[in-house]
Amino acid sequence: MKVRLLSIGKDRSGLFEPAVQEYARRLEHYTRFELLELNEASGRKLKPGEAKSAEAAAILGKRKPQDWIVALDERGTLLDSVELARYVAKAQTGSKDLLFVIGGDEGLDDSVRGAAHQVMSLSRMTLPHRLARVVLIEQLYRAFTILKGEPYHK
């Protein structure tokens, strides 16, 4: 199984990237893991709303036939850590790869949410996209330790 985390934009602050890289390194112990960053479309000369559509096309262009897309959206389903671990296990037994998607400043286009196998929320609060990436990758690491029965989750 392969897990990919696709996000729009880069961490310009430098605050979150060290944590992302640390958890990415840890995840390599459990699964093939890949971080994908796509450029924001909002920086281009586009009409309002066109950025989301352009980003959606780029996101869906990265989808592979064996992927289960998990779209991160504040209106999605809230899962606890054990439920996320069960979801990961279900993907493993189904020989599916997971593609987690975090949208840009304008969020995700309906076409991405519609293509998703799961629409998940990390919180009902609005999180900066770079912070959401840290939270998600840590929770993925936690999910794998839960599945292996390791003490990290305690």
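The values are calculated or read from the model by the stated rules, or taken from the named source; none is laboratory data. Keep in mind that this is a model prediction, so the values were computed, not measured. Cβ: placed from backbone, ideal geometry, glycine included. Neighbour counts: every protein chain shown.
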| Hits in region 34-78 (condition: more than 23 Å from LEU140 (Cβ to Cβ), of a type in the set (A, V, I, L, M, F, W, C) and out of contact with any helix residue (DSSP H, G or I) (no Cβ under 8 Å at 6 or more places or on another chain)) | ALA51, ALA54, ALA57
| note | All-but-one check, SER95 against (1) in contact (Cβ under 8 Å) with a residue 12 or more places away in the chain; (2) at negative phi, failing number (2)
| task | Determine, yes or no, whether LYS52 is under 27 Å from SER111 (Cβ atoms) and surrounded by fewer than 18 Cβ atoms within 10 Å (Cβ to Cβ). | result | no
| message | Checking the condition among the basic types (Lys, Arg) and under 17 Å from GLU34 (Cα atoms), which residue from ARG113, ARG124, ARG133, ARG86 passes? | response | ARG133
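Please enumerate the residues belonging to region 8-30 that are assigned to a loop (DSSP other than H, G, I, E, B) and crowded, with 18+ Cβ neighbours inside 10 Å. Please lay out each step first, then the result.
At the first step, the residues of region 8-30 found to be assigned to a loop (DSSP other than H, G, I, E, B) are 9-16, 28-30.
Scanning region 8-30 gives GLY9, ASP11, PHE16, TYR30.
Does LYS96 count as of a type in the set (D, E, K, R) and over 25 Å from GLY149 (Cβ atoms)?
For LYS96, the condition - of a type in the set (D, E, K, R) and over 25 Å from GLY149 (Cβ atoms) - is not met.
Could you grab me the full set of residues in region 31-49 that are more than 21 Å from VAL88 (Cα to Cα), surrounded by 13 or more Cβ atoms within 10 Å (Cβ to Cβ) and not acidic (Asp, Glu)?
Answer for region 31-49, where residues must be more than 21 Å from VAL88 (Cα to Cα), surrounded by 13 or more Cβ atoms within 10 Å (Cβ to Cβ) and not acidic (Asp, Glu): LEU38, ASN39, ALA41, SER42, LEU46.
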| Filtered residues of region 55-100 (kept if loosely packed, with under 13 Cβ neighbours inside 10 Å, among the hydroxyl-bearing types (Ser, Thr, Tyr) and within 16 Å of VAL135 (Cβ to Cβ)) | THR77
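Can you tell me which of GLY103, GLY107 is over 12 Å from the mean Cα position of the chain (by Cα), buried (at least 19 other Cβ atoms within 10 Å of the Cβ) and modelled with pLDDT under 95?
Exactly one residue qualifies, and that residue is GLY107.
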| query | Take the residues of region 110-154 that are among the charged types (D, E, K, R) and farther than 23 Å from TYR23 by Cα: which is nearest to the chain's Cα centre (by Cα)? | reply | ARG113
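For the condition farther than 23 Å from LYS10 by Cβ, in contact with a strand residue (DSSP E or B) (Cβ under 6 Å, 6 or more places away or on another chain) and among the small types (Gly, Ala, Ser), what is the one hit in GLY94, GLY104, GLY76? Give the steps one after another, and end with the answer.
Working: GLY94 fails: in contact with a strand residue (DSSP E or B) (Cβ under 6 Å, 6 or more places away or on another chain); GLY104 fails: farther than 23 Å from LYS10 by Cβ.
Going through GLY94, GLY104, GLY76 in turn, just one is farther than 23 Å from LYS10 by Cβ, in contact with a strand residue (DSSP E or B) (Cβ under 6 Å, 6 or more places away or on another chain) and among the small types (Gly, Ala, Ser): GLY76.
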